[in-house]
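*Asks:* Would you mind keeping the following structure in view while I ask a few things?
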Amino acid sequence: MKTMHKMALIAAIAFGTASTIQAQPAAGEWEITLGGGGIADRDFNNGGFNVDGSLGYFFTDNWELSLRQDMGYTNPNVGGTLWSGSSRIAGDYNFILGKFVPYIGGNIGLSYGTHRSTVGEAGPEAGIKYYILDKTFAFAQGEYQFFFDRANHFGDQARHGQWVFSIGLGLNL
């Protein structure tokens, strides 16, 4: 009986290792994502929801450059309905840990909408991908966008930024 349990454990480990080896991004692959989530001001007093998508390219197994687009909607405390969007370029380093692939990086781009004129933005981001199939994954990501619409110091820019969160699905092609 103990031998049977050992064999089952060895088979499970071998199968799990074999399936995680293929469940990773690779150099030269494209990545496409579609997701949705939320946006919130720095203090989480006002917020809304957003839809987003991205197209990325892996220069190495770990380094990815992406184009990202999101559109959001909110009904803030100050009254009225607002839409917002941002278009940005992001660079991320992916830590290959089998089916789990956490990543960190940054982005830079433009933020626009009915609540402000078009402004530059940049900020850090982090997330995690979980490979459901060999090239299909679910992801969760968060970023903070610092706006460059203030001529003052960095602290003023940080106070007027926003959080952007997203969950969704992606494919490596």
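The values are calculated or read from the model by the stated rules, or taken from the named source; none is laboratory data. What you see is a predicted model, and the numbers here were worked out from it, not measured in a lab. Virtual Cβ from ideal backbone geometry, glycine too; neighbours counted across all protein chains shown.
*Asks:* Could you tell me which residue of the stretch 82-94 is surrounded by the fewest Cβ atoms within 10 Å (Cβ to Cβ), considering only residues that are modelled with pLDDT of 95 or more and of a type in the set (A, V, I, L, M)?
*Replies:* My answer is Ile89.
*Asks:* Just checking, how many residues over the stretch 28-74 are polar (S, T, N, Q), surrounded by fewer than 15 Cβ atoms within 10 Å (Cβ to Cβ) and modelled with pLDDT of 90 or more?
*Replies:* Final tally of qualifying residues: 2.
*Asks:* Next question. List the strands (runs of 3 or more DSSP E) that sit entirely inside the stretch 39-148 and contain at least 2 residues that are of a type in the set (Phe, Trp, Tyr) and without any contact (Cβ under 8 Å) to a residue 12 or more places away in the chain. It would help to see each step written out before you state the result.
*Replies:* Details: elements: 47-58, 63-74, 82-94, 100-113, 116-131, 136-147.
Counting at least 2 such residues, we get no strands (runs of 3 or more DSSP E) at all.
*Asks:* While we're on this one: Using the structure shown, decide if Leu97 is modelled with pLDDT of 90 or more and closer than 17 Å to Ile128 by Cβ.
*Replies:* yes
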